[in-house]
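Written out below as structure tokens is the structure these notes cover.
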Amino acid sequence: MNRFDAIVDKVTRKIARRSSRRRFLARLGGALAAATALPVLPVRRSHGAGPQTAEEGDPLSCDYWRHCAIDGFLCGCCGGSVNSCPPGSEISPVSWIGTCTNPVDGRDYVISYNDCCGKSGCGRCFCNTNEGDRPVYMPAKSNDINWCLGTSSNAYHCSTAVVIGTAR
Amino acid sequence: MNRFDAIVDKVTRKIARRSSRRRFLARLGGALAAATALPVLPVRRSHGAGPQTAEEGDPLSCDYWRHCAIDGFLCGCCGGSVNSCPPGSEISPVSWIGTCTNPVDGRDYVISYNDCCGKSGCGRCFCNTNEGDRPVYMPAKSNDINWCLGTSSNAYHCSTAVVIGTAR
Amino acid sequence: MRATRITEATRANDAATKSARHILAFCITTLGLLVSPLAGAAEPLKPEAIYVQRLGAPSPHWLILNDPNFLGNMDSKIYLIDADRNHMLGMLSAGGWRNAVEYSPDFSTIYSPETYYDRGTRGRRTDVLSFYDVATLSFLDEVKIPPKRGSGATLRAYSGRSDDGRYVYVFNMTPAMSVSVVDVAQRIVTAEISTDGCAMVYPSGNRSFLSLCGNGRIRQTVLGDNGEVLTTRFTDSFFDPNQDPLTEKATRLSGDWHFVSFHGVVHKVAASDAGVSPEQSWPLLDQQQLDAGWRPGGPHFLASHDSGLLYVAMNRGGPDSHKKPGEQIWIIDTVSKKRQQVITPPTPVTQLAVSSDDRPLLAAASEGPEIYLFDALDGTPKDSLSAPILGAGVLQFVDLR
Amino acid sequence: MRATRITEATRANDAATKSARHILAFCITTLGLLVSPLAGAAEPLKPEAIYVQRLGAPSPHWLILNDPNFLGNMDSKIYLIDADRNHMLGMLSAGGWRNAVEYSPDFSTIYSPETYYDRGTRGRRTDVLSFYDVATLSFLDEVKIPPKRGSGATLRAYSGRSDDGRYVYVFNMTPAMSVSVVDVAQRIVTAEISTDGCAMVYPSGNRSFLSLCGNGRIRQTVLGDNGEVLTTRFTDSFFDPNQDPLTEKATRLSGDWHFVSFHGVVHKVAASDAGVSPEQSWPLLDQQQLDAGWRPGGPHFLASHDSGLLYVAMNRGGPDSHKKPGEQIWIIDTVSKKRQQVITPPTPVTQLAVSSDDRPLLAAASEGPEIYLFDALDGTPKDSLSAPILGAGVLQFVDLR
């Protein structure tokens, strides 16, 4: 299985648990087509910066709502933020996800806990919360895994908590 | 300066501070001759084991009399003893020395703090005492130096405190 | 209880140490000329030689403490501690990403999966299975393995060894999952086997191992005599990974693997080279206990002894508390399926291990540097061990065969 | 006070990150199809992109915290902290045996002496001077240097840089002492220079550096334009290394090196490429203070500011207390040679650093994770920094030229 296949496989399994597999597969076909047609999705500056307005709490705290299934050093304490890696670290292209409830709007969001890689542990703001965490054989929901995979080094530096959408 | 020269140089400097240099040099000549004639000094089992009878105190404590100028993890807490390296570590052939007073017989002894090398820090029983410790430019009495020199790796594991003779 | 001793070795076995001794001998000679005998008083202390310790015969009460070195985890360590006398026997430096070690059945050789980069955290990656001689705690050899080993929070089942000691299995994740098979006799990699997305390694005989699958099945990989895959088997789906997943923290009791689910259901899985079958399952917790929040939990909350006892660390954290350190350790009789005893350690515990002898010890790591010790049969507390580290990784008592 | 900002970078500059972003973008697209807009209520949070931070313009209040990572010191770290806002800017992984870093005069590039072994603690040794880009805290290049760098307890003067930024000097000890000279413009080693048993590196101009000798002299090495040794000079013996040795923990004040002896005598040494001369010495302590046990002490107890102030951590441990953390920090006016102020930090301090700007900060590391901050001119306490580590290594404020 090459790397891209592996990632598709991962995404597949990740999603399969949150929606009917049949519906998912139908949609995945479309997504794949879209991805092929869109070789580079622009990174939107407007959504670049950390917590958004409809949030509350301290993003450097383990209790912060997005951190409901995190396991590692908070990148916000390490020179990054909830959605950025510290300078010189490398974003893990794959990650585990959690589903956390935003207390401000009451909605459930899918949070992607991408690791930042290529440097030793940052050593600050370690958090381990396990809402919905699953064993390694369900990797997309397993925060025990070192997700510095597909990066140039598997050294683990810190973890982000990126909002990637609302959960159904 | 090759390694042997370096060690002679070190021993020279070490001793020079404790005796008249002239007398030392005269004696060193004899020692070198003796060393040449004695390619392997047997390790004497009878003196192999840790503290001797005319000592008191806890050899795993920083207050133990031999530890008057030590800086590091006590090998006795790491699988070695005051005069042995833990299994698989490598004895540093050079070291710093201290002069410590044995409370039992009131004598001053020269203590050689040979490091044990080739593994990461043992992490137990860290002690730092500095009686007679000198800066790096007086290396034979400097406990700040990583003495894992002339070993196959300079990884520092722990430090011994070997009685090598009475001090004048 | 077998007594173990450190041998005062007088002969180190490598040239470097010999050369060190030459030089030392020289130094001592040189100094000897300068330190004239004191006149009067009792005989002064004699000049000592320095030497390198060796280990004596291994004991089932030797405890392997895997130290992932959380704040410097490219520089991990393996500690060996004699639990009978709270004595550190020695240490190995073991590269990046420590989980557990494998070893020969007589514990003469340790096999350690390790990850290295040319420049610590960057550059070319090299994964190896390192071979260490136990008596001298020295590096013997290494076998390069595919640079794919899985890593993360420490888990015992990232590797395994065939029951006869011939093969070591290393779990890979890239995130594609596979297992590297190392023939430790020939010191070669015989195969890298894709496990169809099933994870971890649970040896099930001389030529087979199990993996847990996300669809509630177990996969068994069977090897041929050449160490390559011969056949693959799957159980039926026997657990619900969404409703009540099994944790990866299994224990093997008289050859049968025991898995425990998030909500405390024990699943016994019989397995041999001939096949694998989930045999029975039973709950550790009744509804009242579940309602009170009791759950099994902790980094490695499970251990067993072949007398039929299962040891489970329990907390009252309710759902999602499967990694919370245990307030209690429950001793379960797997024959009667009844709780036989409850141990309340001084502080919550993270890792359990039970020795395999007939006077077994239960070791339970605190979140600090203390490892609590108990008589594993009657739960009597013994003096704690002082671990060299804060918060242990996987604990392994030496299991001599 | 110069404000510094982290730029929200949207373009990472290496291909790997770009590829990561492709994949992420794909994942987000895929998921986007599954997460339909909620009916009603306010607009939900928008899906976010992930990116890699970059650093803005450096500030003299940026503090470099060298972390030798005592329990895993083959995996050392360099932290960068903005002291004005107690904010960690980022980190570098920096191999084995951390002391201090050098950097280009504009702080665009960090030069870090590092030691590696092929297998962490064993195998072939490689020493390098690593080049890191500061804006992206990324590895740029390395120059292999003789695998001889000295190591041990962390000391600032294990390396140095020429005042013009052209050469970096790395002190070697095997135990024979020498200095490796790296031309950072050409990225080559130009020389390894034996220092006749004199230790450490104290730059004294564009083409020269000093070393301290065990006979109470200072050695000056002068380089030619090719980076090779041109000439060597020695001072007369000006201190007694047996009675009152100078510590290696020197500080440079308006170009002059200031050394402090075990018993608190300040020695000012003027040095340039043209020559070196010990100029004056004066005691920090009177007899009464000496009798009360006051001594300078701590891992790095000395700092200075070009306004003429010297900062010395002091303890009351008497003889042999030269490494004892300081109960007080004395601010000394080097013009009047009088003590101007005494700061009593909350707990004893190990390492001092003073920023080079005209609103200077004094940073003083505790033995724990706190770094105390003071106004360096009037001693007013400021909010402490929370260091990522226990017990800092060498602290360096970024000195922009």
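For this structure, a couple of remarks:
- Some residue of segment D:280-288 being modelled with pLDDT under 95 and not hydrophobic (A, V, I, L, M, F, W, C): yes
- Breaking point among (1) more than 18 Å from D:Y117 (Cβ to Cβ); (2) surrounded by 24 or more Cβ atoms within 10 Å (Cβ to Cβ); (3) touching a Ser or Thr at 6+ places or on another chain (Cβ under 6 Å), for D:V170: (1)
- Looking across segment A:117-129 at every residue that is buried (at least 24 other Cβ atoms within 10 Å of the Cβ) and out of contact with any Leu (no Cβ under 6 Å at 6 or more places or on another chain), the one that is farthest from the other protein chains (Cβ to nearest Cβ) is identified as A:C117.
- Residue satisfying condition, being outside any helix (DSSP H, G or I), more than 12 Å from chain D (Cβ to nearest Cβ) and modelled with pLDDT under 95, within set A:G50, A:G57, A:G98: A:G57
- All positions within segment A:85-111 that are on the phi > 0 side of the Ramachandran plot and surrounded by 21 or more Cβ atoms within 10 Å (Cβ to Cβ): A:G88
- Applying the set (1) part of a loop (DSSP other than H, G, I, E, B); (2) within 14 Å of chain A (Cβ to nearest Cβ) to C:D236 leaves exactly one unmet item: (2).
- Cβ separations smaller than 6 Å between residues 6+ apart or across chains give the following pairs from segment D:176-203 residues that are over 16 Å from D:I145 (Cβ atoms) to residues that are aromatic (F, W, Y) and not in a strand (DSSP E or B): D:A199/B:Y137.
- Any chance C:T344 is over 15 Å from C:A313 (Cα atoms) and β-branched (V, I, T): no
- Any hit, segment D:128-147, residues being closer than 30 Å to C:K144 by Cβ and of a type in the set (K, R): yes
- Segment C:143-159, subset in a strand (DSSP E or B) and over 25 Å from B:G88 (Cα atoms), residue nearest to the other protein chains (Cβ to nearest Cβ): C:G152
- Taken together, B:N143, B:N154, B:N114 contain a single residue that is crowded, with 23+ Cβ neighbours inside 10 Å and more than 9 Å from chain D (Cβ to nearest Cβ), which is B:N114.
- Every test in (1) within 19 Å of C:T136 (Cβ to Cβ); (2) more than 9 Å from every other protein chain (Cβ to nearest Cβ) is passed by B:S81 save one, and that test is (2).
- From the options D:L210, D:L140, residue that is surrounded by fewer than 21 Cβ atoms within 10 Å (Cβ to Cβ), of a type in the set (A, V, I, L, M, F, W, C) and assigned to a strand (DSSP E or B): D:L140
- Residue check, C:R252 in a strand (DSSP E or B), touching a residue at least 40 places away in the same chain (Cβ under 8 Å), surrounded by fewer than 22 Cβ atoms within 10 Å (Cβ to Cβ) and within 24 Å of the chain's Cα centre (by Cα): yes
- Considering only residues in segment C:268-292 that are of a type in the set (D, E) and within 28 Å of the chain's Cα centre (by Cα), the one that is nearest to C:Y202 (Cα to Cα) turns out to be C:D273.
- Among the numbered conditions (1) in contact with a Leu (Cβ under 7 Å, 6 or more places away or on another chain); (2) surrounded by fewer than 21 Cβ atoms within 10 Å (Cβ to Cβ), the only one that D:K337 does not meet is (1).
- Residue selected from segment C:68-94 under the condition acidic (D, E) and more than 8 Å from every other protein chain (Cβ to nearest Cβ), by the criterion nearest to the chain's Cα centre (by Cα): C:D82
- Qualifying residues in segment C:95-138 (those that are polar (S, T, N, Q) and at the interface with chain B (Cβ under 9 Å from one of its Cβ atoms)) - the one farthest from C:P68 (Cα to Cα): C:T136
- Taken over segment B:84-95, the criterion of being part of a loop (DSSP other than H, G, I, E, B) and either touching a residue at least 12 places away in the same chain (Cβ under 8 Å) or more than 7 Å from chain C (Cβ to nearest Cβ) (or both) is satisfied by B:P86, B:G88, B:S89, B:S92, B:P93, B:V94, B:S95.
- Residues satisfying the stated conditions in segment C:50-108, i.e. closer than 29 Å to D:D118 by Cβ and among the charged types (D, E, K, R): C:R54, C:D67, C:D75, C:K77, C:R98, C:E102
- B:Y137 vs. criteria touching a strand residue (DSSP E or B) at 6+ places or on another chain (Cβ under 6 Å), away from chain C (no Cβ under 11 Å) and among the hydroxyl-bearing types (S, T, Y): yes
- Matching residues, segment B:66-104, being among the hydrophobic types (A, V, I, L, M, F, W, C), touching a helix residue (DSSP H, G or I) at 6+ places or on another chain (Cβ under 9 Å) and over 30 Å from C:L140 (Cα atoms): B:A69, B:W96, B:I97, B:C100, B:V104
- Segment D:219-232 residues that are in a loop (DSSP other than H, G, I, E, B) and surrounded by 12 or more Cβ atoms within 10 Å (Cβ to Cβ), paired with ones that are of a type in the set (D, E, K, R) and at pLDDT 95 or above (beta carbon under 6 Å, 6 or more apart): D:G227/D:D183
- Scan segment B:145-168 for residues that are at pLDDT 95 or above, part of a loop (DSSP other than H, G, I, E, B) and under 14 Å from the mean Cα position of the chain (by Cα) and the total you get is 6.
- Test: C:P283 is touching a strand residue (DSSP E or B) at 6+ places or on another chain (Cβ under 7 Å), over 30 Å from C:P146 (Cα atoms) and touching a residue at least 60 places away in the same chain (Cβ under 8 Å): no
The values are calculated or read from the model by the stated rules, or taken from the named source; none is laboratory data. Quick caveat, the model's predicted, so the values are computed rather than measured. Positions of Cβ are generated from backbone atoms using ideal geometry, with glycine treated the same way; all protein chains shown enter the neighbour counts.
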